[in-house]
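The values are calculated or read from the model by the stated rules, or taken from the named source; none is laboratory data. Computed from a prediction, not measured in an experiment: that's the story for all the values here. Here the Cβ is made from the backbone with ideal geometry for all residues, glycine too, and neighbour counts use every protein chain on show.
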């Protein structure tokens with residue numbers, strides 16, 4: 001099919017903020033988008049895949065000042081680093097946009113003027129509370145325990161002249177649209193959050209300009225103002241494909257807009273599902289077809305941040321495991337709706353079990369046996385047995401299910417289905433025992449048929465794997481001496497060329513790793529950093545490395561032994577409506593599930609809690625809080641500023657494990 005005849009499909013990531021090097025949690029999004037884009041191409045779509053960087057704002061201005069460079073010099077360096085990592089991870093984006101691009105800046109000025117001229121933007125004065133890291137204004141009622149409700153950081157009083165967008169004018173129309181388009185916001189939990197927490201209570205007008213800093217796109221008619229971050233940043237999705245506010249759009253815009261999928265992190269879902277659709281309505285443009293707010297990839301002790309010292313970077317992980325292994329891990333370990341967890345231990349475990357054993361060993365054994373028994377030639381001598389049909393049906397069913405999962409953006413589930421092909425193929429080897437067949441000359445035809453079926457199953461599995469692990473897919477197919485199948489061909493079994501030759505010496509795809517040695521190498525990487533001052537995310541040096549607390553009376557071992565501590569897994573969490581501080585968690589502890597209330601709403605959102613393994617005091621007498629029963633206590637650490645952090649196990653532990 002010619003490219004012009006294919007159905008267009010436009011996918012975008014959120015543009016990365018150029019405040020610093022992106023960590024593996026940020027990188028997950030571009031890898032996820034790439035897997036979806038590659039798969040859509042397999043399905044026959046004419047895919048346009050856009051990513052890039054968000055480069056304006058007060059935070060950038062402050063970081064540039066601290067570094068002794070201009071803001072443009074600062075963002076040039078960081079944008080280059082972002083692009084380097086995106087390229088390292090083998091992502092197939094079509095365009096890398098930057099909000100400092102001249103064409104983008106000109107269109108933002110035109111958009112601002114158009115919205116002013118039609119009365120959607122007006123000038124006023126802002127007085128409220130401002131969070132610099134989030135670049136967000138908040139009212140007193142929105143602040144949680146005196147801190148930013150998004151990041152938990154400090155807010156400062158701010159007053160300045162500003163332009164505002166009349167959000168309330170379009171809110172009813174947006175509510176009606178969301179209700180009539182159930183697929184618009186995914187997962188559904190994100191839609192419910194936006195409707196119940198923001199739209200239905202009533203939208204306030206949005207500040208869309210600033211005068212307290214200069215690093216931004218000047219308002220053409222009033223240059224002491226710069227366009228505020230979200231009107232600038234969100235518009236990249238249309239300026240990047242040729243939108244012209246004067247109506248002279250590029251052919252590309254007419255072809256690809258509205259976008260099929262905006263792929264974004266759950267922390268910026270509000271801006272993409274409320275502000276962005278309203279901006280588009282005001283411009284008279286159709287809304288994107290779907291916005292998917294993916295969960296976070298967390299370290300064992302929570303969301304990654306430099307201030308926590310728990311940041312993992314894609315390039316460091318790739319040095320240890322290889323690019324495709326990192327791609328496999330972040331895609332496979334991230335649930336559809338809940339947060340995923342990453343650690344060195346989990347990476348090594350997956351490397352050894354899934355990649356080295358299940359996949360790598362399967363390919364090596366198949367190629368080696370074909371060389372050993374038939375000089376590298378694969379023949380289908382059609383000496384069939386019932387087990388062959390079971391292998392065939394498992395393979396074809398896995399392809400079908402993976403295809404269905406990808407249509408629902410359930411990427412991790414799709415990969416699981418593909419690996420079911422490799423698992424079944426390994427079982428097929430155990431069932432047919434080729435080494436036993438090789439001892440009997442009369443069973444040579446059966447042996448050849450078995451090896452043919454293995455080559456066919458692996459070819460289909462490797463072809464399906466190409467969207468997720470492209471380099472590995474190519475290597476497997478090269479070892480089997482064949483080409484990648486089209487998606488239509490993957491749905492047939494028996495297309496491997498009869499009489500084809502495999503390579504003479506199979507390559508080890510993934511080598512097993514020693515966890516002890518890996519952790520020693522990781523510690524060695526940390527040593528040079530130990531002498532440096534740790535910086536928090538706003539660039540300020542951490543003043544206190546330790547803290548002292550008031551000593552409690554000494555206790556005996558018997559006193560301590562009366563308390564029972566266990567590991568619990570949070571399976572559900574909700575905010576307590578009657579309380580500003582409490583979250584209500586359903587915690588699975590062994591075979592039972594308990595309800596536990598915790599005063600941590602200021603530090604954790606309910607959706608962040610789900611899936612976490614936490615330390616719980618399990619033999620406390622039940623207590624009543626805010627009219628609800630609490631059946632235990634989740635343990636947290638508290639610093640001298642009152643910040644809380646959940647106590648979580650360093651390694652993967654079973655729910656119910658006892659803490660001693």
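Could you identify the single residue in 348, 363 that is buried (at least 17 other Cβ atoms within 10 Å of the Cβ), within 16 Å of residue 651 (Cβ to Cβ) and assigned by TED's automatic domain parsing to the domain that holds residue 471? Full working, then the answer.
Numbers: 363 fails: within 16 Å of residue 651 (Cβ to Cβ).
Answer to the check: 348.
Per the conditions (1) in a helix (DSSP H, G or I); (2) free of Cβ contacts under 8 Å to residues at least 60 places away in the same chain, the sole criterion not satisfied by residue 247 is (1).
Tally up the residues in the range 385-436 that are under 35 Å from the mean Cα position of the chain (by Cα) and either assigned to a helix (DSSP H, G or I) or farther than 27 Å from residue 326 by Cα (or both), please. Spell out how you get there, then give the answer.
First pass over the range 385-436, keeping only residues under 35 Å from the mean Cα position of the chain (by Cα): 391-428.
Keeping just the survivors that are either assigned to a helix (DSSP H, G or I) or farther than 27 Å from residue 326 by Cα (or both) gives 391-407, 411-428.
Count: 35.
Scanning the range 602-638 for residues that are out of contact with any strand residue (DSSP E or B) (no Cβ under 8 Å at 6 or more places or on another chain) and over 17 Å from residue 575 (Cα atoms), which turns out surrounded by the most Cβ atoms within 10 Å (Cβ to Cβ)? Filtering the range 602-638 for residues that are out of contact with any strand residue (DSSP E or B) (no Cβ under 8 Å at 6 or more places or on another chain) and over 17 Å from residue 575 (Cα atoms), the one surrounded by the most Cβ atoms within 10 Å (Cβ to Cβ) comes out as 619.
At least 2 residues that are closer than 26 Å to residue 311 by Cα and modelled with pLDDT of 90 or more in each: list the strands (runs of 3 or more DSSP E) lying fully within the range 512-630 that qualify.
Numbers: elements: 565-575, 583-589, 592-598, 613-617, 623-625, 628-630.
Strands (runs of 3 or more DSSP E) meeting the threshold: 565-575, 613-617.
Examine the range 190-197 for a residue that is surrounded by 15 or more Cβ atoms within 10 Å (Cβ to Cβ) and either free of Cβ contacts under 8 Å to residues at least 40 places away in the same chain or closer than 23 Å to residue 232 by Cβ (or both), and state whether such a residue exists. Yes, because at least one residue in the range 190-197 is surrounded by 15 or more Cβ atoms within 10 Å (Cβ to Cβ) and either free of Cβ contacts under 8 Å to residues at least 40 places away in the same chain or closer than 23 Å to residue 232 by Cβ (or both). Within the range 318-331, the residues that satisfy the criterion of being buried (at least 21 other Cβ atoms within 10 Å of the Cβ) and either in contact (Cβ under 8 Å) with a residue 24 or more places away in the chain or more than 26 Å from residue 36 (Cβ to Cβ) (or both) are 321, 324, 325, 326, 327, 328, 330, 331. Kindly provide the set of residues from the range 479-501 that are surrounded by fewer than 18 Cβ atoms within 10 Å (Cβ to Cβ) and either assigned to a loop (DSSP other than H, G, I, E, B) or at pLDDT below 95 (or both), ordered by number. Result: 483, 486, 491, 492, 494, 495, 497, 498, 499.
Conditions (1) under 24 Å from residue 180 (Cβ atoms); (2) at pLDDT 95 or above; (3) buried (at least 22 other Cβ atoms within 10 Å of the Cβ), marked per residue:
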residue: 235; (1), (2), (3): no, yes, yes
residue: 249; (1), (2), (3): no, yes, no
residue: 256; (1), (2), (3): yes, yes, yes
residue: 281; (1), (2), (3): yes, yes, no
residue: 291; (1), (2), (3): yes, yes, yes
residue: 300; (1), (2), (3): no, no, no
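I need the full set of residues from the range 78-95 which are in contact with a helix residue (DSSP H, G or I) (Cβ under 9 Å, 6 or more places away or on another chain) and surrounded by fewer than 19 Cβ atoms within 10 Å (Cβ to Cβ), in order please.
So in the range 78-95, the residues in contact with a helix residue (DSSP H, G or I) (Cβ under 9 Å, 6 or more places away or on another chain) come out as 78, 82, 84-86, 88-94.
Result: 84, 88, 90, 92, 94.
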